[in-house]
Amino acid sequence: MTIPLESESATKLRLIRGIGLGSATALNMIDMIGVGPFITIPLIVTVMGGPQAMLGWVLGAVLAICDGLVWAELGAAMPGSGGSYRYLREIYGPQKLGRAVSFLFIWQLSFSAPLSIASGAVGLSQYAAFFWPGLERVWAARTLSLNLPLLGQLQVSWVAMPATLLAIGVVLFTAFLLYRRITAISRLSTVLWIGVMGTIAWIIFAGLTHFNARQAFDFPPGAFSLSRDFFHGLGGAMLIAAYDYWGYYNVCFLGDEVKNPGKNIPRALLLSILAVACLYVVMNISILGVVPWRELVQSGASNSKLYVVSTFMQRAYGSASGAGAVVSVLIMWTALASVFSLMLGYSRVPYASAADGNYFRAFAKVHPVHQFPYVSLLALAGVAALFCFLRLADLIAALVVIRILLQFLVQSIGVIVLRIRRPDMARPFRMWLYPVPALVAAGSFIFILISRKDFLREIRYAGVILVLGLMIYCVRAWRRGEWPFGGAVVSG
């Protein structure tokens, strides 16, 4: 086993186990819901070409449950801060390949976590445009093209507009909220959860009381014909659904701060997945019964006016009722809650790896008064603020592909590897129907990658990150005498 290498101050200042089952489930749910389902409905209907997009939500829920069982077994067996970092290190050997794999996970997280946070902040700014349409005015838009050896041409598009500045402000404000003791954050998460659940409940109520079944199930000709276009669309729909469901694992990144983690981590995971899956399916059917899907396709194709739930409320109650404005405020609240939960969970991962001596030493620093990893929190917020310049669709696609290739696939296979390598390991929770869920999750992730028409572009993003990460790891390992150049573990 690797002995955590911490500075003297970090050794004295331990994280506090102040998060119970209720708070853990609440943090997961607000992380999962966020602004995603409210702003991606036009996108998912567009890629599928009609209300058959609901199939993407259903299959996305199946994927979330299967992958959630992977996280539940690993999280209960290794309950500590860091989540996948800790799991991958132990699965593949803490002194050998696992050290490289876990470092690469932290390296990709330095990009994917800020992408996730930025997508929530950008989504909030989209709903703010309901009140101030000028926020969508473009000041500057550029596409940077790079020709890379072996990886080909890589294009990065960015856009500057008033909404971008608002998104950056959201990121910085959230960092300010999190700059405090975890016990206060636990109470705040419950307040945020109440706002999220109230918003969802009102949307569902409005949809069901104004529901038009003929409109909701107005499938176009050939909607379910098993053609190449159908599977391309399904792959795109599952990519978006995966983005909207992700977050159920947030509690795993907070393992050192969860009470009775062997029981509460699996329970929080599964409870949040089942609850959110039911809410998503009912909410989206309700919206399709009020707003025609062809109108949603127009918004999704242009990637503008994505505040579809505000339009939905105006259709249900009338433009003069103010319902569209009220729900816009509530969704902005929900988006803020999601950014809050994401930044909280991910800030603990670089801390855990740095305390283990496998990342830069500064990230292991703990606030001397409030006892939280403040350097990791501030660094994450700074990178997320920069990513707010990217377009929402690009944020989502890059995030999902990078995570699948450099985290979720190796972890789904890894839970089977760990069962073989460490059969005697204590497992307070064991995956149901092992190994079927892990294999289904891995197969679904591969399908999402290869079924989309433009999947090679995002794979190039992941390729660049992987190559750079390997180069940095090899240089550090050579200088420190670590695997594969030696066996010593050096702090710093």
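The values are calculated or read from the model by the stated rules, or taken from the named source; none is laboratory data. The structure presented is a predicted model; accordingly, all values stated were derived computationally and were not measured. Every residue, glycine among them, receives a Cβ derived from its backbone with ideal geometry; neighbour counts consider all protein chains shown. For accessibility, only protein heavy atoms count, side chains too; no ligands or nucleic acids. Shrake-Rupley method; radii C 1.70, N 1.55, O 1.52, S 1.80 Å.
With 10 Å bins beginning at zero, the pair-distance distribution over Cα atoms of region 401-492 amounts to 14, 29, 31, 24, 2 %.
Counting only the Cα atoms, region 333-492 fills a convex hull of 190 Å³ per residue.
Size check on region 46-109: the Cα extents along the three principal axes, sorted descending, read 51, 24, 17 Å. Which of rounded, prolate or oblate describes region 225-281 when judged by the alpha-carbon gyration tensor and an a/c cut-off of 1.5? Because a/c hits 1.5 or more and a/b exceeds b/c, region 225-281 counts as prolate. May I ask for the Rg/Rh ratio of region 329-380, computed from Cα atoms with Rh as the Kirkwood radius, given to two decimals? Here Rg/Rh amounts to 1.12. Peptides 342-349, 412-419 ranked from most to least packed by the mean count of surrounding Cβ atoms within 10 Å: 342-349, 412-419. Note: the chain, Cα convex hull, 138 Å³ per residue.
Candidate membrane-span-like segments in the chain, meaning DSSP H helices with Cα atoms spread over at least 24 Å of their own axis and a Kyte-Doolittle mean of 0.0 or above, are 54-77, 97-128, 162-178, 182-209, 228-245, 261-288, 323-355, 455-480, with no membrane implied. A convex hull fitted to the Cα coordinates of region 202-308 yields 154 cubic angstrom per residue. Kirkwood radius, region 388-446, all distinct C-alpha pairs, inverse of mean reciprocal distance: 13.3 Å. Per the Cα gyration tensor, region 253-293 maps to an equivalent ellipsoid with semi-axes of 34, 9, 5 Å, ordered largest to smallest.
Given a 1.4 Å probe and the protein chains as shown, Met283 ends up with an accessible area of around 0 Å².
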